[in-house]
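We did not get these values from a lab; they are worked out from the coordinates using the rules stated. Owing to the predicted nature of the structure, the values given are computational and were not obtained by experimental measurement. Cβ coordinates were reconstructed from backbone atoms using ideal geometry, including for glycine residues, and neighbour counts include every protein chain displayed.
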Amino acid sequence: MKNKIKSISRVVALLLLIPSVAFADGGGPLLLIVNFLAFLYGSILIILVEWLLYVRLASVPKGPAFWDSLVTNLLSTVVVGFGFPFVIGLISWVGLFIPWGVGDVLLALGTWVYEGIKYPKLSMSMTAFWLLVTYFLTVRYETKVLRRRWEKREFTGKMTPEKLNWICNSVTYSGLFIFFSAAWVFEKNHI
């Protein structure tokens with residue numbers, strides 16, 4: 001039975017390499033794609049940078065600071081980084097069923113990108129806007145998580161969890177912005 005499942009899994013995996021089978025040209029919400037790439041490429045670096053900032057700025061002991069950074073960032077990635085864009089994408093998805101061009105605008109507002117998109121500039125602008133909203137939501141959510149963790153172990157840092165998260169997320173979001181800007185410039189110049 002296990003061999004049969006493995007064989008079927010291999011066939012499905014191979015079929016998914018074909019773009020038309022995988023709907024690789026079907027498009028998707030750019031905000032969700034960007035957040036996934038940020039998670040994929042930057043999560044380890046983000047956790048390490050924020051860990052060091054927790055230690056340096058708030059005087060959190062190294063061990064607890066690492067776990068605070070890890071837990072806080074993983075939870076905010078799931079809830080804000082993926083959850084928020086997923087909700088935006090899902091809500092705007094109804095644009096597929098609305099006629100007269102209104103649906104196209106709704107899809108662009110939800111950051112959907114696909115071949116033949118009618119409002120690509122609006123979609124890109126909304127991606128930047130939603131990323132800004134995600135930044136503020138991340139700070140608020142991570143502050144809440146960090147505050148709970150500190151209260152549980154009766155810790156008081158040199159800095160409030162809120163101020164610490166404003167600084168940490170400003171640093172890491174700036175790094176992500178620079179990374180994606182550099183990647184975009186590199187791609188534009190080498191295609």
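Observations on the model:
- Modelled spin labels at W67 and S174, positioned 7 Å past Cα toward Cβ, are 3.1 nm from each other.
- Neighbourhood charge, 14 Å Cβ-Cβ cut-off, centred on R140 and excluding it, Lys, Arg +1 and Asp, Glu -1: +2
- Environment charge of F39, counting only residues whose C-beta is closer than 15 Å and scoring Lys/Arg +1, Asp/Glu -1: -2
- Global geometry of the range 58-172, whether rounded, prolate or oblate, following the gyration tensor of its Cα atoms and the 1.5 cut on a/c: prolate
- The alpha-carbon of K158 sits under 20 angstrom from the alpha-carbons of these lysines, leaving out residues fewer than 8 places away in its chain: K62, K144.
- Amide H contacts of V113 (H built 1.01 Å from N, under 5 Å, at least 5 apart or other chain): G28, L30
- Cα-derived Rg over Rh, computed across the range 111-191 with Rh taken as Kirkwood radius: 1.16
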